[in-house]
Amino acid sequence: MKRLLVTGGAGFIGSNFVHYWIDNYPEDTVIVLDALTYAGNIENLNPVKDNPSFKFYQGDICDSVLVEALLKEHQIDTLVHFAAESHVDRSISGPDAFIQTNIIGTHSLLKAAKKIWLDEGVNKETHRFHHVSTDEVYGTLEPEDPAFCESTPYAPNSPYAASKAASDHLVRAYHHTYGLRVTTSNCSNNYGPYHFPEKLIPLVVTNILRDLPLPIYGDGKQIRDWLYVEDHARGIDLVIKKGRLGDCYNIGGVNEWANIDIVHFICELMNNLFIENPKFADKYPQAISAIAGKSQELITYVQDRVGHDRRYAINPKKSSSELGYMPLESFETGIRKTLRWYLKNDSWWGAVMDGSYRKWIEKQYSSSRQG
Ligand code: NAD
Ligand code: DAU
């Protein structure tokens, strides 16, 4: 039986991971530590909140006194570290929070883990620090370049990617120098339920439902490799179980899409959902374009992201040969599940959009829209 501390467990991927873990390992204990920043939402944990083996703490990963107390009090043997500032656009307009949480925060966690697990000897031989990172640390690819593999040199381009790269190096160093039992996974773009609607897919879905512009940065031909979030959770599970200590594993969807194509595809699916289910028009009368089968008309080209990476792609060879990992969800099925989740959960995203995020995003759009 494992005793997990999940940082950032009230965010998008962290909460999906917590649901996955409790569903698959009901005998384990799962403690979530989350600061509930603008991106964290306690509602994301509603499906597990009454589970006796689950407990939530609101707090900062930089608070080493709190982290040390949690590691000790709950006899944690597995720390899964999701907590981060995660949005590239925000890292461009305000990098400081990224340095604080992603670098200082990760280092603070590593120090606490070293103190309790190595210096004080609690779970000395059995502990695991799993660090959740991103493919953005590798930089950008040209159309014909081979996909990123674990030996691709780091070349982060945004303050977000640089802060994640720094955190990856610190995790590696704590293994090499002190013998902390660590693993790292570098994953591609996730999508699915509870995805904060400042990121491309949930933004497009919720804007269609409100008949708002669908902003496409630059020419829209940038490529991302999309993975259903539950497949990411399964990949992390495999790394924790079978990954070699001190090693890194890339997790991807083998599913490259240009942004403009994905937005067209979502528009088409949404138009069809409105045609097939007249009840959606009753629920979302403001979705005028979708009701008319014309969501594509909301597509609006806007100014490009500064320093925008052109393409990410993951070579899945190492995780498939060493861990037996392959994504299970096809994009076709995963995106349909996701659209249905957003159609059903308007109270979730409506509340999210009403908050401070709304003001921030409106300011961004008004300064970046062309013409
Ligand atoms: P998110 O922004 O949705 O969630 C981040 C969570 O961390 C929030 O709940 C927030 O409240 C919490 N948090 C932030 N600062 C904190 C602090 N100082 N102390 C405690 N909690 C804090 O992010 P996400 O998309 O779920 O990403 C989770 C992790 O996965 C991140 O490390 C990110 O770099 C990585 N990742 C994300 C993707 C993706 O597509 N979203 C892909 C690869 C890797
Ligand atoms: O690759 C993994 C990374 O994926 C994670 O590490 C990050 O935490 C996560 O946010 C994500 O980063 P991206 O920058 O790729 O995701 P985002 O959804 O912000 O953008 C996806 C693509 O869509 C990107 O090329 C920018 C573009 N885009 C985004 C938004 C929000 C638009 O064209 N319009 C938009 O409004």
_Exceeding 27 Å between C-alpha atoms, which entries from my cross-link table qualify? They are LYS114/LYS242; LYS49/LYS124; LYS111/LYS199; LYS49/LYS317; LYS221/LYS294._
LYS49/LYS124; LYS111/LYS199; LYS49/LYS317
*So for THR29, THR206, what's the accessible-area order with a 1.4 Å probe, most first?*
THR29, THR206
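Can you show me the helix-derived [θ] at 222 nm for the chain, built from DSSP H runs with n ≥ 4 at -39,500 (n - 2.57) apiece and divided by the number of residues, rounded to the nearest 500.
-12500 deg cm²/dmol
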*Quick one: dipole size for the stretch 121-239, taken about the Cα centre, charges +1 on Lys/Arg Cβ and -1 on Asp/Glu Cβ, in debye to the nearest 20.*
500
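Report the per residue volume, in Å³, of the convex hull enclosing the C-alpha atoms of the chain.
In the chain, the Cα convex hull volume per residue is 129 Å³.
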_Less than 12 Å Cβ to Cβ from SER86, Lys/Arg counted +1 and Asp/Glu -1: what total charge do the surrounding residues give?_
-1
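Can you give the FRET efficiency to the nearest 0.05 for GLU332 and GLU276, using r as the Cβ-Cβ distance and R₀ = 22 Å?
Working from the Cβ atoms, E equals 0.90.
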_Whichever aspartates and glutamates have a C-alpha closer than 15 Å to that of LYS115, once near sequence neighbours (fewer than 8 apart) are set aside_ = ASP63, GLU68, GLU73, ASP77, GLU125
*asked:* Tell me which GluC sites (Glu not before Pro) from the stretch 74-159 have a DSSP coil assignment and no more than 11 other beta carbons within 10 Å of their own.
replied: GLU125, GLU144
*asked:* Rounded to the nearest angstrom and ordered from largest down, what semi-axes does the equivalent ellipsoid of the stretch 257-300 get from its C-alpha gyration tensor (root of 5λ)?
replied: 20, 11, 7
_Accessible area (Å², 1.4 Å probe, nearest 10) - MET326_ = 100
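Give me the percent of accessible area attributable to carbon and sulfur for the chain, probe 1.4 angstrom.
52
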*Mind checking the log10 I(q)/I(0) for the stretch 173-229 at q = 0.30, 0.31 Å⁻¹? Debye, one equal scatterer per Cα, no solvent, two decimals.*
-1.23, -1.25
*Can you find, among VAL132, LEU118, LEU180, the residue farthest towards the positive end of the dipole of the stretch 113-219? Put +1 on the C-beta of Lys and Arg, -1 on that of Asp and Glu.*
LEU118
*Which net charge results when you count Lys and Arg as +1 and Asp and Glu as -1 among the other residues whose beta-carbon is under 13 Å from that of GLY179?*
+3
*asked:* Taking the Cα centre as origin and putting +1 on Lys and Arg beta-carbons and -1 on Asp and Glu beta-carbons, what dipole magnitude results for the stretch 267-358, to the nearest 20 debye?
replied: 180
_the chain, dipole about Cα centre (Lys/Arg Cβ +1, Asp/Glu Cβ -1), debye to the nearest 20_ = 300
*Name the residue, out of LEU214, LEU109, LEU238, whose mean-square fluctuation peaks in a Gaussian network model built on the chain with Cα pairs under 10 Å.*
LEU238
_Suppose a student asked you for the relative contact order of the chain, using Cα pairs under 8 Å spaced at least 6 residues apart; what percent would you report?_
17
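The values are calculated or read from the model by the stated rules, or taken from the named source; none is laboratory data. Computed from a predicted structure; not experimentally measured. We place every Cβ from the backbone using ideal geometry, glycine too, and count neighbours over all the protein chains shown. Side chains are part of the model used for accessible areas, which takes the heavy atoms of the whole protein and leaves out ligands, DNA and RNA. Shrake-Rupley method; radii C 1.70, N 1.55, O 1.52, S 1.80 Å.
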